[in-house]
Amino acid sequence: MRLKPHLTLPPLLALAACSTGDYRLFHPMNMVATQEWHATLVDVVVMLLIIVPVLLAVGIFIWRYRKGANGAYDPHWSHNTVLEFLVWGIPFLVVAGLGYYSVKTIYAVEPYNPGLTQAKAGPQNVLTVDVIATDWQWVFVYPQQHLATIDELVVPQGSVVRLRLTSTSVSNDIFVPQLVTMIAVMPGMRTMTTFDTPKLGDYTGFAADFSGAGFSWMQFATHIVTPDDFTAWAQKAAASPNQLSYAAFQKIAQPQVNEGAKVSYFSDPEPGLFEKVVAAAQAGVVYPVSDELSKSIGSNEHAKLVTPPGPNVK
Amino acid sequence: MQAQLPGPWSPLLGRLTLDQIPYQVPILQWTFAGVVVIGLAVVFCVLYFRKAGYLWREWLTTVDHKKIGVMYIVVGLVMLFRGFVDGLMMRTQQVLANGPNAPGIMGAQHGFLPPYHFDQVYSAHGTIMILFAATPILTGFQNIVVPLQIGARDMAFPYMNALSLWLTTAGAALVMLSLFVGDFSAAGWVGLIPLTELPFSPGTGVDYWMWAIQISSVGTTLNAINMITTIVEMRAPGMSWFRLPVFSWTTLSSNIIALTAFPVLGVALALLGADRYLGAHFFTAGNGGNLMLYTNLFWIWGHPEVYFLILPVFGILSEVVPTFSEKPLFGYVTMVAATFAIAGISWLVWLHHFFTMGAGPDINGFFSVATMLVGIPTGVKVFNWAFTLYRGRIHFSVPMLWALFGLFLLLAGGLTGMMLALPAINYTVHDSVFLVAHFHCMVLLVVAAAFAGVTYWFPKLFGFKLDEGWGKAFFWVFTLGTVITFAAMFALGFEGETRRLDWTFDPAWKPMLIVEEFGIMLYVVSIVCFVIMLAVSIRDRAKTRLAQPWPTARTLEWLTHTPVPFYNFAVTPQVNMRDELAWRREHGLDQAKPDRYEAIHMPSNSALPVIIGALAGVWGFAMIWRIWWLAGLSLAGIIVCVIIRSFDKNEGYYLQPEEIEAMETNLAIGAIIAEQPDRSHSSIPAEAH
Ligand code: HEM
Ligand SMILES: [Cu+2]
């Protein structure tokens, strides 16, 4: 650490951080994220409508009625029917309003979002990507494009992307700030999330729910590119000499850290790979993580690592 | 039918081998050295001052609710310190290990903690803070204050009370032991599933976590039974329900939650144990297991648990704010109603901990609205405290400062809780440090109330006040540290930082991580202030001895003498009003002396609870390491103790009126730190039956 915490430094740093665009959630990049950000604003404003007056009242009261000040002292005042109706009534109204608003917004940002799919695109503009979380990498399978990647999600601008998600081993959570909101990724189960891609851009996605020693290394690049670039990229990737058979996949699914989240491409993923992975997990296939492996990750012993054993079917 | 284990196992030592002792890890070497030095110092002092017998007779075997409460709080404060050190390590790791090129030291690739160690640290931090710091501290206050507040002689079941304490302590001891023998869980305080299953956590870490919680939660459940019975059955004559002080009300509601919620946790952990020990498939992803079942069960306990913590805190605020405003609490009846509304709703909201699990909008909608409903009674409470200040005469004593800061934390935590309660917002910040900051506002409110309680009730027990100047220094440094650390953490949440990262890959997070580190350093300073406060207070104790430490206190616990005699009240008080002491003071009755004393029936001390606690600790250790013979032996020992107890004919003793009179005139001999003569042979006067 080069910067030493120093008395004047933190406030300055705080200011510096405000001026940059690091507050990603303030800058949503598509429809779902925008609606979620609006919900945040509405909720905060409504809540502040009561919190600020309460803070002011408390501030005024402790000033005015501090011992020795001239506020009128009434040692018995402890009940007032009108006020007691108000102290229940005001929170009740706020919660009723926010509750209604909450339910409404849930439907608008629903991750399985068929509404979004229909509103924004015809079926030809829907791109399906199957996402498989392993210990500790992300495998993206593009069934329509006949390709697969490790740790890279590339999607064309102006489309709607449906991610189907599952995991080979433990539970996880996928997150691309500004673009893809959090959704659980679980072994033997599938979840889904949908997002649109109005603008070009590059993002970092990552794992958000702890999944073992390699968890902090689970980033993946996310790019929104023009449709032409997407086609070119897909051709390039699909031309990879490495084919993603189920056997090849099982090697990838061995617990391992992909340091620096290096991207790899595969051609011709085995048809129905996603379903196969789900079914395998349901049938009890696990990719065990030994204590030696956990201990070696992120430590200097990492180099000494032996290749882990094959999957263990119980 | 036993689960297959990696690694060696022997009948004599189970999974325990020499290389399970992490003597090569430098951090642990230093910790171990520290523990040995401090431990030896304590033992030396005890022996040097010839206090071993005193400790055993007056503390370890005691069944006095006040001493048990004190020991609960001491255990809680020790664990609070341990949990804090974990927090300090996590903050330091994250700021050192920021960016892909962050250097590493001490064997770590980034920062100074490899993930295997870091993950244990954050898992231990959460487990300790919630179950072994906040819970014992609050239980301690309930133990000390509730019987006094309702005019009772002791808890309904004094012996069981001691047993609860020692079971909780056994759990805490197991967590501490995991530092030096084996590892602790690396799967979060919530026991992330299926990460806690054997294929992903083959070591003994998860077992430490599981059995430590299991043992201590038996203690918590027994304590809940005890508290509920005490409040329902043992109120002094005249203390009708609507004269019950609010702290006792919140204790009642909180323990109803504990009694209903902890068994769920017990079952969830037992099923997990079946998976890990017997090779069952309750929570595995395959073979017909259902991992969401665990998550549901955990939070069916976990959410009520956080309200189990916060309700007594609301009680403490409701005692402190009126005392230092010289006014009764505004809206007593609505306050009680709000307490029970919060408790009731707390059973209906658990799913908000996994809105992102992919449930449909109808389910998420239901739990979103249910969660927000909690905001109504919580809002009521805040308003009521604000109106208690109105037209008061406010003293800014240390407990009041903590209470006011607590109010602020409640608003911050409530605002952010109401944000997380909207799935549309939750999807962007669930699993982020924004969530972590939300619940730290709430649990730091618990800590603030704990320190309010410590400064408020300390003189009641020990007869002298804590130093005001150092108390204020402690308060301000702690407060500043809290605001700086958690403001930065909220900011990081909006920057997209997620929780439990061993190294933080995004360099853009650096500035705020540094701010957090600065805030954490202020906590270190505040701990120094706390220790100085204790030392100075003890040094100057002669100067701060007062018959009535807080002349504006209102409730029954302040009616009896200070320091409180071990029999609580020489004569059971007759209650006439809601704020009994305030009422008596107003009518000039607060100094009235009883015209005669009657013999008091007291329970005898017993060594069995501490022995059972120790055996439970041994049993847990044996289960963790799968040393079956030892587990069987310690369990048999526990059963023998229970049988011995059930044949115990000792029904306590009677304090004679002369003795009481002597202690009422010389308070020092009845104080809880005084050594008592052996009274087990006091004759039993017939008319006292
Ligand atoms: C107005 C009242 C409150 C509301 C509306 C509220 C709401 C929430 C919600 C929705 C979550 C889940 C967030 C997520 O995982 O995405 C949450 C988490 C949490 N809350 Fe609260 N909360 C409130 C009060 C409290 C209190 C009083 C406490 C504790 C004393 C507390 C402690 C926690 C904890 C410990 C977690 C997270 C546990 C974890 O995942 O590790 N909350 N809260
Ligand atoms: Cu909750």
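The values are calculated or read from the model by the stated rules, or taken from the named source; none is laboratory data. What you see is a predicted model; the values in this text were computed from it and never measured. No Cβ is skipped: glycine too gets one built from the backbone with ideal geometry, and neighbour counts run over all protein chains shown.
Assorted remarks:
- Scanning region A:219-258 for residues that are closer than 18 Å to A:Tyr203 by Cα and exposed (fewer than 14 other Cβ atoms within 10 Å of the Cβ) yields A:Thr226, A:Pro227.
- Qualifying residue in region B:182-202 (condition: surrounded by fewer than 23 Cβ atoms within 10 Å (Cβ to Cβ), assigned to a helix (DSSP H, G or I) and under 21 Å from the mean Cα position of the chain (by Cα)): no
Residue-wise test of (1) free of Cβ contacts under 8 Å to residues at least 40 places away in the same chain; (2) away from ligand 2 (no atom under 14 Å from the Cβ); (3) in contact with a helix residue (DSSP H, G or I) (Cβ under 7 Å, 6 or more places away or on another chain).
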| site | (1), (2), (3) |
| --- | --- |
| B:Val380 | no, yes, yes |
| B:Trp385 | no, yes, yes |
| B:Leu401 | no, yes, yes |
| B:Leu407 | no, yes, yes |
| B:Met419 | yes, no, yes |
| B:Ile425 | yes, yes, yes |
| B:Val433 | no, yes, yes |
| B:Val443 | no, no, yes |
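- When residues of region A:154-169 are limited to those that are modelled with pLDDT of 95 or more and over 24 Å from A:Thr34 (Cβ atoms), the one surrounded by the most Cβ atoms within 10 Å (Cβ to Cβ): A:Ser167
- Test: residue in region B:328-349 that is under 19 Å from A:Val170 (Cβ atoms), within 16 Å of ligand 2 (Cβ to nearest atom) and crowded, with 19+ Cβ neighbours inside 10 Å: no
- Among the residues making up region B:559-603, those that are touching a strand residue (DSSP E or B) at 6+ places or on another chain (Cβ under 9 Å) and not in a loop (DSSP other than H, G, I, E, B) are B:Pro565, B:Ile600, B:His601, B:Met602.
- Looking across B:Pro312, B:Pro322, one residue alone is buried (at least 23 other Cβ atoms within 10 Å of the Cβ) and within 12 Å of ligand 1 (Cβ to nearest atom). It is B:Pro312.
- Here B:Thr17 meets each of (1) farther than 30 Å from A:Ser299 by Cα; (2) exposed (fewer than 15 other Cβ atoms within 10 Å of the Cβ); (3) at pLDDT 85 or above with one exception, condition (1).
- Test: residue in region B:59-81 that is surrounded by fewer than 20 Cβ atoms within 10 Å (Cβ to Cβ) and within 17 Å of B:Ser178 (Cα to Cα): yes
- Of all residues in region B:326-356, those satisfying the criterion of being part of a loop (DSSP other than H, G, I, E, B), away from ligand 1 (no atom under 12 Å from the Cβ) and of a type in the set (A, V, I, L, M, F, W, C) are B:Leu329, B:Phe330, B:Trp347, B:Leu348.
- Filtering region B:494-526 to residues that are without any contact (Cβ under 8 Å) to a residue 60 or more places away in the chain and within 7 Å of chain A (Cβ to nearest Cβ) leaves B:Glu495, B:Ala508, B:Pro511, B:Met512, B:Val515, B:Phe518, B:Met521.
- Qualifying residue in region B:422-436 (condition: over 25 Å from A:Ala72 (Cβ atoms), surrounded by fewer than 22 Cβ atoms within 10 Å (Cβ to Cβ), at pLDDT 95 or above and more than 10 Å from ligand 1 (Cβ to nearest atom)): no
- Selection from region B:371-404 of residues that are over 28 Å from A:Phe85 (Cβ atoms) and either within 14 Å of ligand 1 (Cβ to nearest atom) or of a type in the set (Phe, Trp, Tyr) (or both): B:Phe396, B:Trp402
- Only a single item in (1) aromatic (Phe, Trp, Tyr); (2) away from chain A (no Cβ under 14 Å); (3) surrounded by 15 or more Cβ atoms within 10 Å (Cβ to Cβ) is not met by B:Tyr48, and it is number (3).
- Among the residues of region B:173-227, those that are within 16 Å of ligand 1 (Cβ to nearest atom) and not hydroxyl-bearing (Ser, Thr, Tyr) comprise B:Ala186, B:Ala187, B:Gly188, B:Trp189, B:Val190, B:Gly191, B:Leu192, B:Ile193, B:Leu195, B:Trp209, B:Ile213.
- Residue within region A:66-79 that is more than 7 Å from every other protein chain (Cβ to nearest Cβ), over 23 Å from the mean Cα position of the chain (by Cα) and of a type in the set (S, T, N, Q) present: yes
- Residue match in region B:357-370 (condition: within 9 Å of ligand 1 (Cβ to nearest atom), within 9 Å of chain A (Cβ to nearest Cβ) and more than 20 Å from B:Val446 (Cβ to Cβ)): yes
- One residue stands out among those in region B:405-420 that are facing chain A (nearest Cβ under 7 Å) and over 21 Å from the mean Cα position of the chain (by Cα): the one that is surrounded by the most Cβ atoms within 10 Å (Cβ to Cβ), which is B:Met418.
- Being within 14 Å of chain A (Cβ to nearest Cβ), crowded, with 24+ Cβ neighbours inside 10 Å and assigned to a helix (DSSP H, G or I) is a property that holds for B:Leu317.
- Among all residues of region B:220-242, there is at least one that is in a helix (DSSP H, G or I), out of contact with any Pro (no Cβ under 6 Å at 6 or more places or on another chain) and within 14 Å of another protein chain (Cβ to nearest Cβ).
- Taken residue by residue, region B:359-367 has at least one member that is without any contact (Cβ under 8 Å) to a residue 40 or more places away in the chain and either within 15 Å of ligand 2 (Cβ to nearest atom) or under 19 Å from B:Thr416 (Cβ atoms) (or both).
- Just one of the listed residues (A:Val42, A:Val95, A:Val87, A:Val46) is at pLDDT 95 or above, at the interface with chain B (Cβ under 7 Å from one of its Cβ atoms) and more than 21 Å from the chain's Cα centre (by Cα), namely A:Val95.
- B:Leu55 vs. criteria assigned to a helix (DSSP H, G or I) and more than 14 Å from chain A (Cβ to nearest Cβ): yes
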